[in-house]
Amino acid sequence: MGNVGFLSALLLAAFLVAGVVGARDHPGIGVYELRSGYFTAQFTNYGATMLSLVLPDRNGKLDDVVLGFDSLKGYKNDTTYFGAVVGRVANRIAGAQFTLNGTAYKLVANDGNNTLHGGSKGFADVIWRVHSYDTESHVTFTYDSFNGEQGFPGDLSVYVTYMLIGTDKLGVKLEAKALDKSTPVNLALHTYWNLAGQNSGNILSHEIQLFASKITPVDSALIPTGEIRDIRRSPYDFLEPHTIGSQINEVPGGYDINYVLDDTGSKHLKKVAIVQDNHSGRKLELWSNQPGVQFYTSNMIDHVVGKGGFVYTKYAGLCLETQGFPDAVNHPNFPSQIVNPGQHYENVMVFRFSAH
């Protein structure tokens with residue numbers, strides 16, 4: 001416990017000291033820690049962002065397994081979305097436009113001609129309010145998205161809760177309620193994981209199992225074509241666990257694709273993925289209620305200076321973003337992401353961590 005407390009204090013102090021100028025500019029931004037035994041996580045209300053998660057390996061050695069920055073300034077200038085909650089609509093919307101109930105909406109384009117992760121100032125780049133906080137149980141952030149924000153229709157109340165479950169699980173709940181107009185909503189958590197430690201190198205030796213036999217293929221601009229394709233016995237097939245690097249050279253640029261999660265018939269959350277780092281013995285298991293998960297191997301990371309001055313390069317981390325299908329608002333055959341007034345949207349994730 002002493003080592004955990006010491007390392008946690010160092011992480012918190014480094015963030016606060018390095019980000020003191022940003023804190024003065026924005027006094028409403030803070031760092032919030034959750035702790036249970038050897039499990040320590042930190043978050044900020046800037047972008048409802050996960051800053052760190054410290055876990056022991058099989059020998060009790062503690063490491064932060066989340067990529068990120070030492071200072072608030074790093075997150076404010078970030079183009080990688082490290083640890084952030086992205087929205088109003090995660091992933092891409094083709095042509096930065098859609099039509100809903102006979103009305104055409106033009107959005108802010110920030111990825112060529114397309115909208116990515118909610119626009120040039122999406123939910124990852126706003127200051128959320130702290131709704132409630134208890135260091136031994138949870139932190140809940142809330143944000144009131146306004147009609148016309150980045151071009152999206154209607155007022156939207158949004159809540160993000162990070163909660164400890166026992167001594168080995170982290171629950172994440174992303175919620176939204178449309179107040180006055182129908183609107184697309186697709187929130188996602190953009191945490192980059194490296195189970196060997198955020199400063200250990202790449203994740204190509206991580207072993208992953210994805211409980212999905214189909215993907216939604218994309219074009220050269222990473223916009224879904226509308227097809228739902230079976231990927232069994234292809235380089236995208238992780239139904240049986242194998243290392244990320246084993247076939248990545250057969251996937252142009254690396255993995256960055258929405259997997260269609262298999263329907264297990266469960267009335268509760270369905271298993272999404274298992275990730276194992278055999279060097280440290282750490283294992284991550286993920287469950288969710290969403291129809292898809294974006295598996296991304298940080299292909300676009302290029303010499304980003306992160307925590308402790310460590311330089312992140314291509315394949316430095318992996319993202320598992322549970323979500324609705326990308327560009328669903330322009331593909332009627334995809335599960336709808338439209339939330340009507342009075343309706344409740346919810347994306348639930350449960351992460352379980354262990355080391356063997």
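Residues are listed down the side, and each one gets a yes or a no for (1) part of a strand (DSSP E or B); (2) under 25 Å from GLY74 (Cβ atoms); (3) in contact with a strand residue (DSSP E or B) (Cβ under 6 Å, 6 or more places away or on another chain); (4) free of Cβ contacts under 8 Å to residues at least 24 places away in the same chain:
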site: VAL293; (1), (2), (3), (4): yes, no, yes, no
site: MET300; (1), (2), (3), (4): no, yes, no, no
site: ALA316; (1), (2), (3), (4): no, yes, no, no
site: CYS319; (1), (2), (3), (4): yes, yes, yes, no
site: PRO326; (1), (2), (3), (4): no, no, yes, no
site: PRO335; (1), (2), (3), (4): no, no, no, no
site: PRO341; (1), (2), (3), (4): no, no, yes, no
Looking at LEU51, LEU62, LEU34, which one is at pLDDT 95 or above, within 17 Å of the chain's Cα centre (by Cα) and not aromatic (Phe, Trp, Tyr)?
-> LEU51
If you go through the range 120-129 one residue at a time, how many are open to solvent by 30 Å² or more (accessible area, probe 1.4 Å), in contact with a helix residue (DSSP H, G or I) (Cβ under 9 Å, 6 or more places away or on another chain) and not in a loop (DSSP other than H, G, I, E, B)?
-> 1
Taking the range 314-349 and the residues there that are surrounded by fewer than 21 Cβ atoms within 10 Å (Cβ to Cβ) and polar (S, T, N, Q), the one that is nearest to SER288 (Cα to Cα) would be SER336
Which residue pairs have Cβ atoms under 6 Å apart, sit 6 or more places apart or on different chains, and have a first residue in the range 87-111 that is surrounded by 17 or more Cβ atoms within 10 Å (Cβ to Cβ) and a second that is of a type in the set (D, E, K, R)?
-> ARG92/ASP327; ILE93/ASP327; ALA94/ASP327; GLN97/LYS106
Go through the range 302-313 and count every residue that is assigned to a loop (DSSP other than H, G, I, E, B) and open to solvent by 10 Å² or more (accessible area, probe 1.4 Å).
-> 4
Flag for ILE274 being open to solvent by less than 10 Å² (accessible area, probe 1.4 Å), touching a residue at least 40 places away in the same chain (Cβ under 8 Å), of a type in the set (A, V, I, L, M) and over 22 Å from PRO326 (Cα atoms) | no
Which condition breaks for LEU204 when tested against (1) of a type in the set (A, V, I, L, M); (2) crowded, with 17+ Cβ neighbours inside 10 Å; (3) in contact (Cβ under 8 Å) with a residue 60 or more places away in the chain?
-> (2)
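Could you look through the range 224-253, keep only residues that are small (Gly, Ala, Ser) and part of a loop (DSSP other than H, G, I, E, B), and pick out the one that is farthest from ALA94 (Cα to Cα)? Quick ask: steps written out before the conclusion?
Narrowing the range 224-253 to residues small (Gly, Ala, Ser): 226, 234, 245-246, 253.
If we keep only those that are part of a loop (DSSP other than H, G, I, E, B) as well, we get 226, 234, 253.
On the way: GLY226: 12, SER234: 27, GLY253: 21 Å.
Ranking the candidates gives SER234 first.
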What number of residues within the range 163-201 are open to solvent by 10 Å² or more (accessible area, probe 1.4 Å), under 18 Å from LEU269 (Cα atoms) and either among the acidic types (Asp, Glu) or modelled with pLDDT of 95 or more (or both)?
-> 7
State all residues of the range 130-162 that are surrounded by fewer than 14 Cβ atoms within 10 Å (Cβ to Cβ) and aromatic (Phe, Trp, Tyr); if no residue qualifies, say none.
-> PHE146
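The values are calculated or read from the model by the stated rules, or taken from the named source; none is laboratory data. Bear in mind that the values here come from a model prediction, so they are computed numbers and not experimental data. With ideal geometry, Cβ positions are generated from the backbone for all residues, glycine too; neighbour counts draw on all protein chains shown. Areas reflect the complete protein model, heavy atoms only, side chains present, ligands, DNA and RNA absent. Shrake-Rupley method; radii C 1.70, N 1.55, O 1.52, S 1.80 Å.
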